[in-house]
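The values are calculated or read from the model by the stated rules, or taken from the named source; none is laboratory data. Nothing here was measured: the structure is a model prediction, and the numbers come from that model. Quick reminder, even Gly has a Cβ in these numbers, built from the backbone with ideal geometry, and neighbours come from all protein chains shown.
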Amino acid sequence: MRIVLKALVGGEIFDICFEEKMTNIKMINDTSTQFVDTDISPTIILCRPQLGENIGTAARAMLNCRVSDLRIVKPRDGWPNPKALNACSGADEIIANAGVFDSLVDALGDLDLVFATTARTREVMKRVIDPRTAADEVRIATKSGRRIGLLFGPERTGLDNEEIELADSIIAIPLNPNFTSLNLAQAVLILCYEWYTNRSHVALETEGIDSREPIDKRQLASFFDFLETALDERGFYPTPEMKPRMIRNMRAMFLRTGLTRQDVQTLYGMVKKLTRGKC
């Protein structure tokens, strides 16, 4: 007697065969049927990565989870990096197509929503979520056509405050509080894995999703520059020493509201009117 069942394992369809009173179990890879993920995958941004090997293993982790868009900001050892290619274990296409940027603002420019990873959650005034919650939100956001970025900092120091400011939310990976050290590729794999497996256990509710046109990070940065210049010219900052912190707090306040393109256009008009067109 032979019974064949279909099973989905790791995104692939397998035949599970039960033979001879179900004492022998054999798994056969059915390459004729593959799971096709129709959602847009998130973009992975590595900011100031130090080692080419870590870039390569991060690309390997991405391909494990069918994430393909890699962006690299100011890699310490330059680019291209043969060590990254050697370490990617077959993820050559991701390395070959990686975008390289001189500034983080440029790397995030066309993205609508950015999640940053950091262990310094107490130092930032942003919403902090875990990887599974982030995966839910990424899936829902892509359903409404938004482009999403997952931002990672350099191996030794992580993201600095100015870089974290550009993100909408913080992802904190829950780990042993006495030992929270993660390799860059490990962190990338955890977030990509949560996104990849999310499709199988989350019923996405598209009703109630904000369908207004989102604003990308380049446009938002331009508005911040405009606003901060106008405030500076009118003596808003009490001292030069207080200015950076006040700017961080102000940006965090706006980012928490989830500004859309229409919101920013309205704010532009308000600031221009208040400054009588002098900016």
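Quick notes
- Ile94 among the β-branched types (Val, Ile, Thr), outside the structural domain of Thr260 (by TED's automatic domain parsing) and at pLDDT below 95: no
- Residue match in the stretch 237-250 (condition: assigned to a helix (DSSP H, G or I), among the charged types (D, E, K, R) and within 23 Å of the chain's Cα centre (by Cα)): yes
- Answer residue from the stretch 184-218, given it is among the polar types (S, T, N, Q) and touching a helix residue (DSSP H, G or I) at 6+ places or on another chain (Cβ under 7 Å) and is modelled with the lowest pLDDT among those: Thr206
- Condition check for Asp168: at pLDDT 85 or above, acidic (Asp, Glu) and within 27 Å of Asn54 (Cβ to Cβ): yes
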